[in-house]
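The values are calculated or read from the model by the stated rules, or taken from the named source; none is laboratory data. Since the model is a prediction, treat every value here as computed from it, not as a measurement. With ideal geometry, Cβ positions are generated from the backbone for all residues, glycine too; neighbour counts draw on all protein chains shown. Calculation scope for accessible area: heavy atoms of the full protein, side chains included, ligands and nucleic acids excluded. Shrake-Rupley method; radii C 1.70, N 1.55, O 1.52, S 1.80 Å.
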Number of protein chains: 6
Amino acid sequence: MYELGVVYRNIQRADAQVADKLAALGTSTVHEAMGRVGLMKTYMRPIYAGAQVSGTAVTVLLQPGDNWMLHVVAEQIRPGDIVVAALTTDNTDGFFGDLLATSFQARGARALVIDGGVRDVKTLTEMRFAVWSRAISSKGTVKATLGSVNIPVVCAGALVTPGDVIVADDDGVVCVPRAMASATLDAATKREANEGEKRAKLASGVLGLDMYKMREPLAAAGLKYID
Amino acid sequence: MYELGVVYRNIQRADAQVADKLAALGTSTVHEAMGRVGLMKTYMRPIYAGAQVSGTAVTVLLQPGDNWMLHVVAEQIRPGDIVVAALTTDNTDGFFGDLLATSFQARGARALVIDGGVRDVKTLTEMRFAVWSRAISSKGTVKATLGSVNIPVVCAGALVTPGDVIVADDDGVVCVPRAMASATLDAATKREANEGEKRAKLASGVLGLDMYKMREPLAAAGLKYID
Amino acid sequence: MYELGVVYRNIQRADAQVADKLAALGTSTVHEAMGRVGLMKTYMRPIYAGAQVSGTAVTVLLQPGDNWMLHVVAEQIRPGDIVVAALTTDNTDGFFGDLLATSFQARGARALVIDGGVRDVKTLTEMRFAVWSRAISSKGTVKATLGSVNIPVVCAGALVTPGDVIVADDDGVVCVPRAMASATLDAATKREANEGEKRAKLASGVLGLDMYKMREPLAAAGLKYID
Amino acid sequence: MYELGVVYRNIQRADAQVADKLAALGTSTVHEAMGRVGLMKTYMRPIYAGAQVSGTAVTVLLQPGDNWMLHVVAEQIRPGDIVVAALTTDNTDGFFGDLLATSFQARGARALVIDGGVRDVKTLTEMRFAVWSRAISSKGTVKATLGSVNIPVVCAGALVTPGDVIVADDDGVVCVPRAMASATLDAATKREANEGEKRAKLASGVLGLDMYKMREPLAAAGLKYID
Amino acid sequence: MYELGVVYRNIQRADAQVADKLAALGTSTVHEAMGRVGLMKTYMRPIYAGAQVSGTAVTVLLQPGDNWMLHVVAEQIRPGDIVVAALTTDNTDGFFGDLLATSFQARGARALVIDGGVRDVKTLTEMRFAVWSRAISSKGTVKATLGSVNIPVVCAGALVTPGDVIVADDDGVVCVPRAMASATLDAATKREANEGEKRAKLASGVLGLDMYKMREPLAAAGLKYID
Amino acid sequence: MYELGVVYRNIQRADAQVADKLAALGTSTVHEAMGRVGLMKTYMRPIYAGAQVSGTAVTVLLQPGDNWMLHVVAEQIRPGDIVVAALTTDNTDGFFGDLLATSFQARGARALVIDGGVRDVKTLTEMRFAVWSRAISSKGTVKATLGSVNIPVVCAGALVTPGDVIVADDDGVVCVPRAMASATLDAATKREANEGEKRAKLASGVLGLDMYKMREPLAAAGLKYID
C-alpha cells in the first residue's frame, strides 16, 4: 500500500557498475535470466525505436491528471538514475514534456518509465531523452494533489522498489530487484555467451529440434507426424 | 445531433493567417493555451512521425464500412483545409487510401483526421499526405448510405464545427473553435515565448521546485521529507 | 475444431509463381480483389515499416506461454513459405526471437505472422526478418504442451489453411485461399492496372464524384446541398 | 471547446411533458426516430438492469480524479432532470456514490449519466437511483480543480447541450436535442404504433423477407440461392 | 475466404438428438471433451444469466452496420437451430432486436450467437430468447449490402461450419464440428460422470494434490516447501 | 520480483477479528480510510452481485493457461482466508471451476480473487462461492509449469503480501496491508459513523456545497456563476 505525501531522500541504489552493464544484455535476456518475471505490461512502448538503457530506479507516485510530484522527484535524481512513475489509477494524460526532460537530463537521469502519457515527443526524440510510456498525449496536467517519491510502486504491473535496476529497450521494460542485480548480470551474461554458438548452428540449417534434443520429449508427449 | 444527407457548401472558415500560424506552436502548447480542452482521444495517431500541420476544418460524417461521403467532401475542400471525418459508430475499416489522398491533395487539403481506419499508408507516407487515424486497415468500404458534409461532428471525443482550426502533430490532434482561434494564437505564442528562458534555466540545473516556487505550496499541502 | 498433437508433413502449396507475384499488389488491392474478405484483425502490425511480402502458409497452433511448436514447424518450412502462428487463447508473450528467426530464415521462410507477441525486435529488424504480430514482449515461454502443425487455424480472425497464400504489408495481413490464388492475382492485377489512369485524373483535379459518376446515385439517395 | 470555471444557472429545458413521454419508447426506437444518431458509446452500461428513464439534461464537466463539480451541479438540479457528467480525459475513478445520490435524489434528479466510474452500487441499486456509467470503481476522488456546469459537453461520444432530453435504458443512452424533442416524440410514437402489428405477423411465421418486400431488392443486389 | 451474396439452402445438420443432449453438459465440459479447442472469445456474453442451450448452426455473414442478411437467414431456420452471425469487420451496432427475435422464435430458433451488438435486451429477456453477443447497442442498421448465409464463418475467433453444434451457457460459447458431435457427447458424458465422485471427495476435505496424485510430479518439477 | 517454484507454509496473517470486521465497511470506505490506495483495477468484477467479504490473503502465482498451483495453494488455505491469484502475464483462461471451489470451500476459503478467468459460474453462484475475476471463460488449463504460493504478488495492479486483508464487494477489491489493518478498521469505522448524519442532511435537501463549506474555496478557485 502506498504512503502518500512523503519523499524518501536516502535510498540504497544497486551497484552502479552492475546497473550499467545490464543495458547491453537487453530486456529479453535479463527477463529470462531472472526466471521470466519482473516484466512490465506490453502496453509500455518506447517513444522512439532503438533506445536501450539501464539504470537505478527512483520512483514517484502520481495522481491522475496531476504532475506535481514529477518536479519533486527531479531533485532526487542522481546521475545514472531512471525515473519510474506510477499512477494511483489508469490515466493517459501528458504528465511529462520537453521542459521536465531538460531538467531530468540536467540532473543525470537516463530515461523515464511512466504508466501514463507523455508529450512533446518530437522534441524528446531530438533530445534523445528515452521514454517508455503507456500513451502519448498533449493533455496537460495540474499541480494540486500530493503523491510520493521513492516509495515502492506498482508500475505497469511490476513492483519497483527505489534502487532496483531498470532495463528497457524496444522489447519492453524489466525491473531487477537490487538484491538480485549482480546474480542476474552473471546469469544473463552466461545466457548471452551461449547465443553466438547457437545462432551459428541455426544459421547453418541445424534445427532447434535437434540442437535442443526435443524430438524425444515431443514424442513422449504424444506428437504424431502424418504424411 | 446529426442531420443526415446534407452538404453545407458555405461555411465560415477561421482566419487563414491565424490558422496557418498555429501549426508551429504544436498541439501541447495550443491545448494548454485553450485551458486544457479540445483534445481528441489519444488513440488518434499519425501514420508517420514528424508531420505538424494546422488548417481549417471541413467535416464529414461517415457510416460504418461506407466511404461514399469522402468523395462528396472532396468537392468542398479549399486550399488550407483539413478534412475531419467522424463516424456514426466505432469502425476501423480502411475508408481512405492513395486515390482519395491524390484527390484531396489536388484540392489543397493539408491533412485528414479520421476516427476510423486508412490504408495505402506506405504510399501516403511517400506522398507526404499527413493522416491522423484510429487504425490502419486494408479493409475496403462500400458506397451505399448517406452521411453529411460540413455539419458539426464529434470526432474522437472532440466537437468539431466546420471552419474551426485543427492543429495536429506527433502528440495528437486539437480543435480550436473559430471564435477562439485568434486569442488562442496569442496565448500560445506567449506561452512559447517563455519556454526558451525556462529551458535554459532547467538545463543549467535549476529545479522546477525553485523556478516555479513550489516548495511552499508543497509544504502547505503536507509534503514530508524523510532522510 | 483443432486436432492437437499432430504435424502434417505433406501439404499442397499454392503455385509458387502466383504466390510470389501477389506481394507487389499489396494487401489492400488483394483484399478488394477477393471481394473484401480474408483480412486479419487490424491489431496485427509489422515490427518495422516498409516490409511487403507474400508466400505460402505453413501453420502452427500454439498454447499460451508455450513456443514448443515453433521448433516443430521450423522443420516443415520450405523456401517461399510464411509461418502463420495461431493461439488457443489470447496471449501476448514473446514466443519468437532472434534465434528462431535465424532458423526460420535458414530454412527459407519469408516472414512470420503470429497472433501473439515477439521479442528481439531490434535484431529482427536488423536481420530484415519481417514479422506481423499482435504485440511485442520480452516475456519468455516454456516448452511443455503440444499444439499442432499444418492444420487449418484461425489467426487474428482469419481462417488460414496450410498452403494458402499470405500477403502482408504496412496495411495488414490477408489470406488468399489456395484455390483462389490464381483468380485473385488476375483480378488484383486488373484493379491495379486501372489505378494509374485514375490517379492521374484525380491529381489533375477531376473529382471522384464525376469520375465515378456518383452525382446521380447520391441525389437518388436523397443528398441535399445547402448554400 | 469547453469554457472552464463557469456555472450557467439559467438553461432552457426541453418541454417537460415531451421529455417525460420519451422514456416509454426506449432508446432504440428513439434513436431510430432521430435517424440513427445521438447515441452514446456502448461502454455506457446501467448499474442495474431494467431502469428506463428520460429527463432534461443538466451537464457537468469533471477533471480526472476530481468530483468537486458534482457538488456544484447538485444545486442546479430541478425535478425531472438527469445529470450528464463528461470528463476532460478518460478516467474511471469512482466520482459518485450513495451520499451524492441521496442529494441528487432529494433535488429531484432521475438519473446520472457519467463517462467515468461510480461506487456504492449496491446502495444505489437499493435506492433505485439509476446510473449509466463507463465503469464501477471504489477509487475516491479529490476536490481541487474546477470544471464547469451547464456548458455543452461531449459525453461518451455524444454532444449534450443543457436542456436536451436524455433517454436511457438497458440498451444504452440517447441524447435528443431540445429543438427536436417534440418531433422525435411524434416520430418515435408512430414507429412504436406499427410494431404491434409487425410483431403479430412475424410471430405467426410470416417472414420479414415478405413483410418488408425484400426479395426483389435482394435479387437486384445479386443474391443467389444454391440448393 | 468468404463467398459473398450466396445462400446455401441445403446444409447437413448434426444429429438432432446429439445436438440436444450437449446443452446439459455445458460449455466447459464440452470444451474439455474436445481437447480444449473450439471456444469463442470471452467477450461473447449472454444478455441474461442462466440460459444454457445447444443446437445446430445456421450461419450468416453480416456487413458492418447492415442487418439485411438476418432477414435472409430467418427463412433458413429449422426448429432446433441456433443462428451464428459473423461480421466482415469489428462492429458493435444493434443488428438484432425484438422483432427479429419474434421471427426467429417463430421459426424454431433456440438462440442467436452474434459477433456484434443487439438491442431490445429487456424485451428479449422477457421473451426468454437467448442471445450471446459482443455488445449491447441501440444503434440501428441499414439494409444495403449483401453478405451470405450458410457458408463457413469465423465468429468471435471460432470457425463455424453450417450444421455444427453450438453449445452456449454462462461460461461462453463452444462450436462442436458436426463430424465430432457424437464422439464429443460420449467423451463429455464420461467426464461428467466422474465429477460427482470427485466433488464429494473434495467436499470432504481431500485435496486435489492427493486425489490427482500431484505431489510427486510437483516435486519432480522442483517445487520446494519452505517453513 | 517473483521467486518461482516455492511454497511458503508459514505466513503471518492479519488479526482475524480485524479482518472479519472490514467486510461490513465495504471497499469504498476502506479504500478512502487508507488514503485512496490499494485498489485493484476496475476490470476485476464479481461473478454475481451482492457478495461482500473480507479475509486474510493466501497468494498464488500462476503461469498462463496453467492452473497447477491452484491445487497447491488449496492445502495452504485456513478458514477465513481469501485466495489471491496473480499471473505472470495477461491471460483470461478459465483457471478455476466448481471442483476447485468445492475444495477451497471445504478448506474454509471465503472467496477467490483472480487476475484471470473462471468457469462454471452458474454452479459457483449456486454454491455462493464468491469470485472476483478478470474474465469468465470455459477455456481449460494444463498442469505443467510451476508458479509459487504465498510470495508477494501484483494482482490486477495491487501489491498483495500473504497475510494482508482483502476486502471485496460490488465496487471492487481492496488490499489492506497487515500492518495497517487495525488502523484502517478504526479510520473506516469513524468515516462510516459520520455518514448517517450526512445522509440525513442531504436527504432533507441540504446541499454538499453548504454541508462541506465549499462555496468559499470554489470562489477562491475562480468559479463564476452566470445567469
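Can we say residue A:36 is crowded, with 21+ Cβ neighbours inside 10 Å, within 22 Å of residue C:94 (Cβ to Cβ) and either of a type outside the set (Gly, Ala, Ser) or within 14 Å of chain D (Cβ to nearest Cβ) (or both)? Yes; evaluated as a whole, the condition is true for this residue. Of these, E:133, E:138, which one is of a type in the set (Gly, Ala, Ser) and within 14 Å of chain B (Cβ to nearest Cβ)? Of the residues listed, the single one that is of a type in the set (Gly, Ala, Ser) and within 14 Å of chain B (Cβ to nearest Cβ) is E:138.
Among the residues of the stretch C:99-116, those identified as open to solvent by 10 Å² or more (accessible area, probe 1.4 Å), more than 14 Å from the chain's Cα centre (by Cα) and of a type outside the set (S, T, N, Q) are C:99, C:100, C:106, C:107, C:108.
From the list C:43, C:48, the lone residue that is in contact (Cβ under 8 Å) with a residue 40 or more places away in the chain, surrounded by fewer than 20 Cβ atoms within 10 Å (Cβ to Cβ), under 18 Å from residue C:173 (Cα atoms) and within 14 Å of chain E (Cβ to nearest Cβ) is C:43. Criterion applied to F:60, F:84, F:131 was being closer than 24 Å to residue E:30 by Cβ, among the hydrophobic types (A, V, I, L, M, F, W, C), under 17 Å from the mean Cα position of the chain (by Cα) and open to solvent by less than 10 Å² (accessible area, probe 1.4 Å), and the one residue passing it is F:131.
Taking the condition out of contact with any Pro (no Cβ under 6 Å at 6 or more places or on another chain) and over 30 Å from residue F:161 (Cα atoms), does residue A:149 pass? Spelling it out, it is not the case that residue A:149 is out of contact with any Pro (no Cβ under 6 Å at 6 or more places or on another chain) and over 30 Å from residue F:161 (Cα atoms). Residue pairs whose Cβ atoms lie under 8 Å apart, separated by 6 or more positions or on different chains, with the first residue in the stretch E:211-226 and facing another protein chain (nearest Cβ under 9 Å) and the second among the aromatic types (Phe, Trp, Tyr) and surrounded by 13 or more Cβ atoms within 10 Å (Cβ to Cβ), are E:214/F:68; E:218/F:68; E:226/F:8.
Only one of the listed residues (C:161, C:145, C:141) is open to solvent by 50 Å² or more (accessible area, probe 1.4 Å), closer than 30 Å to residue E:36 by Cα and either of a type in the set (Phe, Trp, Tyr) or in contact with a helix residue (DSSP H, G or I) (Cβ under 9 Å, 6 or more places away or on another chain) (or both). That residue is C:161.
Taken together, the residues in the stretch A:148-158 that are open to solvent by less than 20 Å² (accessible area, probe 1.4 Å) and either of a type in the set (D, E, K, R) or outside any strand (DSSP E or B) (or both) amount to 3.
Residues checked against (1) within 30 Å of residue A:89 (Cβ to Cβ); (2) modelled with pLDDT under 95; (3) over 20 Å from the mean Cα position of the chain (by Cα); (4) of a type outside the set (D, E, K, R):
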position: D:150; (1), (2), (3), (4): yes, no, no, yes
position: D:154; (1), (2), (3), (4): yes, no, no, yes
position: D:160; (1), (2), (3), (4): yes, no, no, yes
position: D:163; (1), (2), (3), (4): no, no, no, yes
position: D:174; (1), (2), (3), (4): yes, no, no, yes
position: D:185; (1), (2), (3), (4): no, no, no, yes
position: D:201; (1), (2), (3), (4): no, no, yes, no
position: D:209; (1), (2), (3), (4): no, no, yes, yes
position: D:219; (1), (2), (3), (4): no, no, yes, yes
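Residues that are touching a strand residue (DSSP E or B) at 6+ places or on another chain (Cβ under 8 Å), small (Gly, Ala, Ser), in a helix (DSSP H, G or I) and within 11 Å of another protein chain (Cβ to nearest Cβ): does the stretch A:9-25 have at least one? Looking for residues that are touching a strand residue (DSSP E or B) at 6+ places or on another chain (Cβ under 8 Å), small (Gly, Ala, Ser), in a helix (DSSP H, G or I) and within 11 Å of another protein chain (Cβ to nearest Cβ), one finds none in the stretch A:9-25, hence no. Return a yes/no flag: does the stretch C:155-176 have any residue that is more than 30 Å from residue F:64 (Cα to Cα), more than 14 Å from chain F (Cβ to nearest Cβ) and free of Cβ contacts under 8 Å to residues at least 12 places away in the same chain. The answer is no; no qualifying residue exists. Pairing each residue of the stretch A:105-124 that is free of Cβ contacts under 8 Å to residues at least 60 places away in the same chain and under 20 Å from residue A:61 (Cα atoms) with any residue that is part of a helix (DSSP H, G or I) and charged (D, E, K, R), provided the two are 6+ apart or on different chains, yields C-beta distances under 9 Å for A:119/A:98. The condition (being more than 9 Å from every other protein chain (Cβ to nearest Cβ) and in contact with an Asp or Glu (Cβ under 7 Å, 6 or more places away or on another chain)) is satisfied by just one residue among D:97, D:108: D:108. Each residue in the stretch B:1-30 was checked for being touching a Leu at 6+ places or on another chain (Cβ under 7 Å), under 26 Å from residue B:88 (Cα atoms) and not small (Gly, Ala, Ser), and 3 pass. Residue D:200 meets the conditions (1) open to solvent by 30 Å² or more (accessible area, probe 1.4 Å); (2) under 19 Å from residue E:140 (Cβ atoms) in every case but one. The failed one is (2).
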